[in-house]
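Participant: Just dropping this structure here.
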Amino acid sequence: MTLKQFIDRYGATLVVVTVLVLLVALLPGNAPDRTTELGAGPALDTQDTTPGAEGSGTDVASAGGSTGGTGGGAAGGGGASGGRLASGGGSGAKVEAGKGPNCRPDGRMKGISLYAPPCVSFSGDNGGATAKGVTKDKILVIRYLLPIDPATQATLQGAKLADPQEVVKRAYEGLRRYANNHVETYGREIVLQDFQASGDDTNDEAMKADALKIANDIKAFAVIEGNPAAVIPTIFGKELAARGVICICTTSLTNRFYQENNPYIFSSLPTATEFGAQMAEYIAKRLNGKPAKFAGDELNPAQGYKTTNRKFGLIYIVGNEGRVDQERVRNYEDFIAELAKRGIRLTAEASYIYDPGRNQQDVTSLILKMKQAGVTTVIPMVDPLYPIIITGEATRQQYYPEWLILGFGLSDTTAAGRLYDQLQWRHAFGISPLWVTWAHVNRSGGYRAFHHGMPGMRPGDEGVLINIYATYFAWLSAGIHMAGPNLTADTFAKGMYSYPRTGGDVGHPTVQFSRSSPTAVEDFIEIWWAADAQGPDERSEQGTGMMMKSDGGKRYAIGQWPQADTKAFVPAGAIGANDDPPGAVADPQHEQDGHTHNKRCLSCSG
């Protein structure tokens, strides 16, 4: 059943579309999982020889054939500005760390973002054609475009949750220009080529054929999402990785998935395994063995949960469109394993396959199972749509538990939370890898980068999802920069592993990449739902209901959660959307002097 058929059959058009698109609007790359076997050739060598690749932040040793200058010069300093390039250049290349006109005081490249890579200067020979898609003067990147149903696209645009294709293309062009002039690409211009998919994301054979063409015929260096309103499926990413093509795609799959496709798939949010480890620690240190004091006994006093020690239940998705997806199953397996490490036992479990034709029957059974088992605290590991139905069904059955937010399926966002049954969601709290977001979008990094890359554009020309588009370029360009002049898929990966640990304040999650976890965010915050609060959501849309961050948005890496009672529903110190949240490091005001960039790339001759 297509999205359009679902809308026609089940109604509630705007709500359904809004929730579904939020998945791609806020979590770029969260693609459907596939179980189809790959038809790839011989496996590439994915051995990780990177010192510190498991997250220690140790520099990567130089690789490649530089014989001139400083070769793979270290991008100087320790702490936030540490890191080392993965390669040197050709004969006569000169790469110097921490020097030149493009360095700012913190040792990073001049630019808008706190996450800019360590600064270097480059001149001389970059080594020419070092890999497929890489020539002396260009780096070919594919913008992969999956089809979008026209009726769906029109509805999304009406809800301010998608952009017309011409706006998306313009947004990517502005970000491309910005990236070329704010990281070191070693004399090569990053160029984008659009590739229209030969089928939709449910067509595994089309996805495999497209990946083969991109890798073997077009010979691209990398692929990024073409439009978040139609996300890249996992099978496509696997096929690219098997052929040594970098893919900035997928979100929150298990550590095992990323290890199996090392070192070619990178993403933004934590792995599913890390979600599980964070939640297990949070439960063990803050909730286990304590009464479910946030349950809704005031709505049904007979349940008596507020005076009952917590009993945890899990509702989790295992597939879609009538079939089980192995990656969904592995998400569940890793979560259960992490709970077991902490001695946490579930009182009840209930799985479902996403299938709009069966949703009410399935959801009725899910809630009944939780209620009959006496579960006080429900953990939803879900897709974006079902929480609307699940929370509504819980109210229908007069079941008012605590809802323990894991962060899956946008359950940790204000935009999604406003669509859930508020009698239920006012009892929701938990953890999230997200951060204190801006109240005004013109303060955001994506907005500023676009307008700096294409000066003269009007507010709104950047598109409503500009900060999602910017995510792909941020990590693509950082990897190219950290790879050094001898750019290959392997030096890109080593460069990403060497990107220095950055962030950790309330507005900036800690970011670091490793072989076992080639995904960006490494720490979490505690959150809770303020049902009556008013303010902007993640798109700066005003409304009622806000996802609050406890304790001023303080962040915790795995192993750092304090052994203390939760601070959920404690107004003192809690914070919602804020342009300048207390404790946040301000992003540089790089573009304020009105300067522009006219070259193809930072070290290009023209």
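Participant: Would you tell me the accessible area of C103, worked out with a 1.4 angstrom probe on the heavy atoms of the protein chains, in Å² to the nearest 10?
Facilitator: 30 Å²
Participant: Continuing with the same structure: Over 20 Å between C-alpha atoms is what I'm after, so list which of K132/K213; K208/K494; K110/K494; K293/K567 land there.
Facilitator: Violating the 20 Å Cα-Cα cut-off are K208/K494; K110/K494.
Participant: Not counting ligands, DNA or RNA, and with a 1.4 Å probe, what is R515's accessible surface area in Å² rounded to the nearest 10?
Facilitator: Estimated to the nearest 10 Å², R515 gives 50 Å².
Participant: Once you sort the root eigenvalues of the Cα gyration tensor of the stretch 136-274 as a ≥ b ≥ c, which label holds: rounded (a/c under 1.5), prolate (a/b larger than b/c) or oblate (the other case)?
Facilitator: Values: a/c = 1.38, a/b = 1.06, b/c = 1.30.
Rounded, since a/c falls under 1.5.
Participant: If you wrap a convex hull around the C-alpha atoms of the stretch 248-308 and split its volume per residue, what is the figure in Å³? Show your work: numbers first, answer last.
Facilitator: Working: hull volume 7.2 nm³, N = 61.
With only Cα atoms used, the stretch 248-308 gives 118 Å³ per residue.
Participant: In square nanometres, what is one fourth of the surface area of the convex hull spanned by the alpha carbons of the stretch 472-564?
Facilitator: Values: hull surface 31.8 nm².
Over all viewing directions, the stretch 472-564 projects a mean Cα-hull area of 7.9 nm².
Participant: Starting from the Cα gyration tensor of the stretch 511-596, take the square roots of the eigenvalues, sort them a ≥ b ≥ c, and report rounded, prolate or oblate (rounded when a/c is under 1.5, otherwise prolate if a/b is larger than b/c, else oblate).
Facilitator: Here the stretch 511-596 falls in the oblate category.
Participant: Tell me the accessible surface of I218 in square angstrom (1.4 angstrom probe, heavy atoms of protein chains only), to the nearest ten.
Facilitator: 40 Å²
Participant: Among the lysines, which fall within straight-line cross-link reach of K169, defined as a Cα-Cα distance under 18 Å, with same-chain neighbours fewer than 8 residues apart omitted?
Facilitator: K160
Participant: Something else: Mind listing the phi-derived Karplus ³J(HN,Hα) values for the stretch 104-112, rounded to whole Hz, using 6.51, -1.76 and 1.60 with θ = phi - 60°, and x for any glycine or proline?
Facilitator: These are the phi-based 3J(HN,Hα) values: 9, x, 7, x, 9, 5, 4, x, 7 Hz.
Participant: Continuing with this model, one more query. Using the Cα gyration tensor of the stretch 431-532, with a ≥ b ≥ c the square roots of its eigenvalues, what is the shape: rounded (a/c below 1.5), prolate (a/b larger than b/c) or oblate (neither)?
Facilitator: It comes out oblate by the Cα gyration axes.
Participant: In what sequence, largest accessible area first, do E189, E260 appear using a 1.4 Å probe?
Facilitator: Result, largest first: E260, E189.
Participant: Expected output is a single nm value to one decimal: the length gained when fully extending between D200 and E166, i.e. 0.36 nm times separation in residues minus the C-alpha distance. What is it?
Facilitator: So the extension gain works out to 10.2 nm.
Participant: Ok, one more. If you put +1 on each Lys and Arg Cβ and -1 on each Asp and Glu Cβ, how big is the dipole of the stretch 221-281 around its Cα centre, in Debye rounded to 20?
Facilitator: 180 debye
Participant: Okay, moving on. In Å, what Rg and Dmax follow from the Cα atoms of the stretch 298-369?
Facilitator: When restricted to Cα atoms, the stretch 298-369 yields Rg and Dmax of 14.9, 41 Å.
The values are calculated or read from the model by the stated rules, or taken from the named source; none is laboratory data. Note that this is a predicted model, so its numbers are computed, not measured. A quick note on method: Cβ atoms are made from the backbone with ideal geometry, for glycine too, and the neighbour counts reach across all protein chains shown. Ligands, DNA and RNA are stripped out before the accessible areas are found, and what is left, the full protein with its side chains, is counted by its heavy atoms. Shrake-Rupley method; radii C 1.70, N 1.55, O 1.52, S 1.80 Å.
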